[in-house]
């Protein structure tokens, strides 16, 4: 069963202002029996003051449709036409303590009925664009195929994400993603056929998203870091190659610690800069061991480094990389894989 | 409300018999071994599984117990049967089913049609839900790989003559599958006397546990597993057996079969009493489905000019559980595809309520429902813009039709 609020249940089981209003002078009728809900809103408006003196409804529909209708009449009674006009479906939903997403269209129906009744009072033409067209695709936001198609065509939308941005369709429970994708593909195909969209841009159902070139963090500059201090003179010059391997904690860098990890998400370029900075900080440690590590590339979560000297090919290499990885994780707040570049 | 609840939604699911639960519990706590294991923990489970398989075999009248493959439910059984038949007959690329099947058949059919190059024929029904046999004959051909028709419809209870439909399929060289999820336990089934190749069933529709089903595959039928894995179910369905559930289903099948002959006529009488009691008191309502041949426990009554979810909420407040083909209960705006296929007008399809009884339903419960329904219908009709107070349809044609 739906998760209806107590207020929804109250307005369903004890509807206010249900039934016909004999001396109504402004009536709004919306919905249809095929859609499963319809609402007839009857208003008695004082011609002098334009105050809605009485409001009653008749509703064909589910529990939340009846509750929304009841809420609507309560909200508008005593208001002027001008005040009532400002009412939105969100006001109805809020009055009821919220509606399940699938039932938001019930509140929209209430608002539509009010618009129709106000139009009947003022004699304005009802906006034809409010018609429901085609199948209802997105149930959360009650968006039908007609509206989505218009948005796709007018704005040349070619991705699901953009369709959601423009129409809200698919922005709720996501259960309509599949029909939405199909609709997008169909409309795009039609646009290609009539020449308003190039075939390369069109969304194709089932196709993997076109690869977007990744902003590779190559060739970046480190703006505010002083040049790495000259390598400390190696304590031992010649016999280094035969020295027993000293397992040295690579995190014990003597340089001042890098800034604390920023809570905000970094861009990939910012991440690469931060990694370069960490590497520069650790470099003296590597150099003290008679080797060196240079950053080659940061791509996604892969950090490629070139290892030279004593660091390359020896057991210490994995320790070095492990320490580097740990340090990066600590500072950037997410895990990277540190891989040595293949040696030529 | 302090009134005892009345459960008339047994086509959705059933109460697990207490005897079934009792039978299952030791296989969670004591005899928890894997039936595939060689040690004593597994040995006893194996024996109990064999017994359960035989009980189910008896209920559906299968010739051999190894014709039964346990699955996770009716949906898996249906998916397995359809995909198996298509994979085993690669030169045949057409699939015939009906417009009123369960979504476990229809949504797979849509997918196969759209993405896997399968031609799907959806055979229509008449306004009583009966299959258009001529359309079926016309659709059969040398390319038909599989025919799948439900034994009984979950919404209206209408029964399809599946044994005859199976013979027609075989004349065209096609395999025949039936989704008998609603029929098993509610009608006499003797598979060995039919030409049905595959049959799906679900445990929780006959007072067994949820999460378990079975697929009957006639000995000799070409088969391709859906789930590949271990050697369980003779390599036809990988995955460790859900032993407690299988044992529970075995017990439920045994109990159902033991009292079926006495139960079914009693359920029919109660259902008819309910139906007559409501229809005689409420105007502008009618029973849907084939009243000459339908499930003994099911009645779907369409109440015109009102919406089903509202009726269900009112019933629920009086402790009565039923269900609706209404769109609003499912979150879709389309009313039941079954009622639409039967060309039931929208004015009535939205207000269709299904009452489905079980062998646990009592006369007192039925009478309470008969007493409750008319006032609920009246109350909602008074609120409906489509209902005229002098009875019948009001003049109401909203702007946004």
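Readers should treat all values here as calculations from the given coordinates under stated rules, not as data from a laboratory. Here the structure is a predicted model, which means the values were calculated and not measured. All Cβ positions, even for glycine, are placed from backbone atoms using ideal geometry, and neighbour counts span all protein chains on display.
So the values come out like this:
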{"read-out": "Share, in percent, of DSSP beta bridges within the stretch A:6-130 that are antiparallel, nearest 5", "value": "95"}
{"read-out": "In nm, spacing of pseudo-spin labels at residue B:379 and residue B:227 (7 Å Cα→C-beta vector)", "value": "4.5"}
{"read-out": "Helix-only mean residue ellipticity at 222 nm for chain B, each DSSP H run of n ≥ 4 adding -39500 (n - 2.57), per residue, nearest 500", "value": "-12500 deg cm²/dmol"}
{"read-out": "Shielding score for B:373-384, defined as the mean number of other chain Cβ atoms within 10 Å", "value": "3"}
{"read-out": "Cα gyration tensor shape of chain B, rounded if a/c is under 1.5, else prolate or oblate by comparing a/b with b/c", "value": "oblate"}
{"read-out": "Sites residue A:23 and residue B:393 - FRET efficiency at Förster radius 22 Å, r taken between beta-carbons, to 0.05", "value": "0.40"}
{"read-out": "Residue among B:40, B:310, B:135 with the largest mean-square fluctuation in a Gaussian network model of chain B, springs linking Cα atoms under 10 Å", "value": "B:40"}
{"read-out": "Sequence-separation-based contact order of chain B, relative, with Cα cut under 8 Å and 6+ spacing, percent", "value": "22"}
{"read-out": "Ratio of the Cα radius of gyration of the stretch B:1-52 to 2.2 N^0.38 Å, where N counts its residues", "value": "1.70"}
{"read-out": "Cubic angstrom per residue, convex hull over Cα atoms of the stretch A:1-130", "value": "100"}
{"read-out": "Other protein chain Cβ atoms within 10 Å, averaged over every residue that makes up A:11-19", "value": "2"}
{"read-out": "Packing-based exposure ordering (other Cβ within 10 Å, fewest first) of B:216, B:28, B:305", "value": "B:28, B:305, B:216"}
{"read-out": "Neighbour-count ranking [beta-carbon atoms within 10 angstrom, fewest first] of B:63, A:306", "value": "B:63, A:306"}
{"read-out": "Residue-averaged beta-carbon neighbours from other chains (10 angstrom radius) around B:298-310", "value": "3"}
{"read-out": "Gyration tensor verdict on the stretch B:129-232 (Cα atoms; rounded if a/c is under 1.5, prolate if a/b is larger than b/c, oblate otherwise)", "value": "oblate"}
{"read-out": "0 to 90° range, to nearest 10: angle between helix B:103-115 axis and chain B longest Cα axis", "value": "70"}
{"read-out": "Alpha-carbon centroids, the stretch A:69-99 and the stretch B:111-142: separation in whole Å", "value": "49"}
{"read-out": "Burial ranking of peptide ranges B:78-88, A:65-75 (average Cβ count within 10 Å, highest at the top)", "value": "A:65-75, B:78-88"}
{"read-out": "The stretch B:188-284, relative contact order in percent, only Cα pairs under 8 angstrom and at least six apart counted", "value": "19"}
{"read-out": "Cα shape, the stretch B:18-256, gyration tensor, a/c 1.5 rule", "value": "prolate"}
{"read-out": "Relative contact order (%) - criterion: Cα under 8 Å, at least six apart; region: the stretch A:18-62", "value": "40"}
{"read-out": "Gaussian network model of chain B, springs between alpha carbon atoms under 10 Å - residue of B:31, B:262, B:232 with greatest fluctuation", "value": "B:262"}
{"read-out": "Residue among B:194, B:156, B:97 with the largest mean-square fluctuation in a Gaussian network model of chain B, springs linking Cα atoms under 10 Å", "value": "B:194"}
{"read-out": "Between the stretch A:6-58 and the stretch B:234-299, the Cα center-to-center distance that results, in Å", "value": "43"}
{"read-out": "Ascending count of other beta-carbon atoms within 10 Å, so fewest first, for A:198, B:55", "value": "A:198, B:55"}
{"read-out": "R0 of 30 Å, Cβ-Cβ distance residue A:150-residue A:299: FRET efficiency to nearest 0.05", "value": "0.15"}
{"read-out": "Gain in span if fully extended, residue B:29 to residue B:287, counting 0.36 nm per residue against the direct Cα distance", "value": "88.1 nm"}
